[in-house]
1. Build a GNM of the chain with springs between Cα atoms under 10 Å: which of 42, 119, 14 gets the top mean-square fluctuation?
2. May I ask which of 130/158; 30/158; 130/222 have a Cα-Cα span longer than 24 Å here?
3. So, in Å, what gap is there between the alpha-carbon centers of the range 16-76 and the range 175-219?
4. Report the charge-dipole magnitude of the chain in Debye, nearest 20, computed about the Cα centre from +1 at each Lys and Arg Cβ and -1 at each Asp and Glu Cβ.
5. Any chance you could tell me what percent of the C-alpha pair distances in the range 80-154 go past 14 Å?
6. Please list, or write none, the lysines whose alpha carbon is within less than 16 Å of the alpha carbon of residue 2, excluding same-chain residues fewer than 8 places away.
7. Could you provide, to the nearest whole Å², the per residue accessible area of the range 1-105 with probe 1.4 Å?
8. Report, to the nearest whole %, how much of the accessible area of the chain belongs to carbon and sulfur atoms, 1.4 Å probe, protein only.
Amino acid sequence: MKPYTYLLVNLLTVIICFIFSFDKRIQFNKQFSAFLKASILVAIPFIIWDIFFAKIGVWWFNKAYTLGISLFGLPLEEWLFFICIPFSCLFTFFCLDKFFNLDWAIAWNNIIVFISVIVCAVFALLHADKIYTLVTAIITMLTLIFLHFIARVDWIGKASLVFFILMLGFFPVNGVLTGTGLEAPIVNYNPEEFLNIRLLTIPIEDAVYGYAQFLLNLYFFKMFQKRD
């Protein structure tokens with residue numbers, strides 16, 4: 001079972017959401033086309049980032065927990081990660097936005113963007129020598145600036161609220177990947193390239209990275225929804 005660990009993390013993350021996508025009250029299956037276009041589009045730069053960081057040793061993967069199939073230095077399971085995780089996140093946002101009134105969170109758009117951009121800028125300046133911290137801070141800051149000031153989306157508050165709820169799933173999923181409950185981590189990090197501040201076993205940069213990825217997936221998902 002050990003070589004199937006990372007694969008099972010992906011499958012267990014997505015399976016329940018996938019099944020309920022066909023529920024008549026939800027019908028997320030009608031959004032599959034928009035989801036695939038969005039997730040693939042967002043995955044491209046994030047995978048390039050992933051490949052580069054793996055190549056220079058910012059992080060690496062424990063082959064004992066993977067099937068041993070790799071492409072450009074990334075295990076197959078890591079490629080699937082960029083489909084499975086966004087699917088669960090967008091499905092959750094879709095359901096919560098459909099069945100609950102989250103419009104009150106829109107009022108928090110400005111303050112969330114302002115605080116997040118300032119914090120990211122400060123960490124980028126103070127920790128420019130740590131490449132994972134630096135790149136994560138810059139990407140997140142640019143994502144928020146683009147969405148708020150250029151794309152002028154009105155849902156950053158709602159998305160941030162949903163992401164906070166998604167943290168309930170983030171901890172077990174990323175926890176396993178970073179070693180919680182295992183003999184060794186599936187994903188290992190060079191301690192010189194990040195802050196070494198961990199949420200349990202999870203580098204805090206992973207949460208910020210996930211936030212930016214979620215926002216971009218949601219932006220393109222909504223864009224393709226309108227076009228479809």
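The values are calculated or read from the model by the stated rules, or taken from the named source; none is laboratory data. All of these numbers come straight from a predicted model, not from anything done at the bench. Glycine gets a Cβ as well: all are built from the backbone with ideal geometry, and neighbour counts include every protein chain shown. For the accessible areas, the whole protein counts, side chains as well, though only heavy atoms, and no ligand, DNA or RNA atoms are used. Shrake-Rupley method; radii C 1.70, N 1.55, O 1.52, S 1.80 Å.
1. Highest fluctuation of the listed residues: 119.
2. Listed pairs above 24 Å: 130/158; 130/222.
3. If you average the Cα positions of each part, the centres end up 15 Å apart.
4. 660
5. Of all Cα-Cα distances in the range 80-154, 71 percent exceed 14 Å.
6. Leaving aside lysines fewer than 8 places away in the same chain, those within reach of residue 2 are 63.
7. Per-residue value: 55 Å².
8. That fraction is 71 percent.
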